[in-house]
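Have a look at the structure below before the remarks.
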Amino acid sequence: MKEFAGKTAVVTGAASGIGRALADRFVAARMNVVLADIEEEALAKAVAELEAHQARVIGIVSNTMLKDSVDELARQAIDTFGNVHILCNNAGVANAASAGKSVWELPDADWQWVMGVNFWGVLYGLQAFIPHMLEHGEECHILNTASLAGVLPGGGPYGVSKHGVLSLTEGLQTDLQAREANINASVLCPGFVDTQIFDAERNRPDDLHPLDTESNEEAQALMAGVAKTMLAAGKAPAEIADIVFDAISENVFYILPHPAWDDAVRSRVEQILARGPQATTDMAELMQRREAGDQL
């Protein structure tokens, strides 16, 4: 995709983090931008800041867990700007409240919330926007935000959801090519980025809060401390947005903006092909590499 000016992009999770940076980058390319987010106040602030610079933007409060909400997002985006050309299924959450639990011990609420936002939200976005894109026939691009957690070994709702997004996007691109659609797809698999994803519990629905968080407060505090330290030392969201924009321009499918992880990805694939022991991620080694200056 080479022409951006005057076209329309829709970004979920756009009030902060990578989503906000993507919105900024599309505005810089003179696109119309629809910012969608579940946080009404933060969304209004982001829209106001962009409008102050004469950007053509709107904000739509959207809960990507709900199909009807995503369908309404598509309706309002199309009613406002006409044809949509870029869709960024970017909204994501991580379950910090149940840290320290094994996969069989995690409450159903964790699975329902994280899978609902991270996986079903992406699928709902595809279902809502692709028929419209196919109908208008102009060149389009879809970006699904996964994570290196979708490429590396790991467990729990976050890793499972991101593996799902990776697989879903691979299937999507195959289907688009089979249709000879004028649409391309990319899957974004970043490492640590300076965002607030581990504070996502603030947006968890009341009916999906785990009931027994007191028993694992120590594990929660430890995980939150490590995660926030790693995130704070990660790449800036604006740097990720620049990489994504270039990837869309060149129709790059796999977007891996953290080359420092390449050896870990390669090692996992080699272990699988060797029919060897399970691949693992050594967090102590990652901390040492971070302290040595690697941007993970």
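Structure notes:
- Test: N118 is within 20 Å of R202 (Cα to Cα) and at pLDDT below 95: no
- Hits in the stretch 142-161 - residues which are in contact (Cβ under 8 Å) with a residue 60 or more places away in the chain, surrounded by 22 or more Cβ atoms within 10 Å (Cβ to Cβ), of a type outside the set (A, V, I, L, M) and not in a helix (DSSP H, G or I): T145
- Note on the stretch 83-140: residues that are without any contact (Cβ under 8 Å) to a residue 12 or more places away in the chain and of a type in the set (D, E) amount to 3.
- Selection of the stretch 242-258 for residues being of a type outside the set (F, W, Y) and either in a loop (DSSP other than H, G, I, E, B) or modelled with pLDDT under 95 (or both) yields E250, N251, V252, L256, P257, H258.
- In the condition set (1) part of a helix (DSSP H, G or I); (2) in contact (Cβ under 8 Å) with a residue 12 or more places away in the chain; (3) farther than 17 Å from V252 by Cβ, S167 is compliant with all but (2).
The values are calculated or read from the model by the stated rules, or taken from the named source; none is laboratory data. Source: prediction; values computed, not measured. FYI the Cβ positions are ideal-geometry reconstructions off the backbone, even for glycines, and counts take in every protein chain you see.
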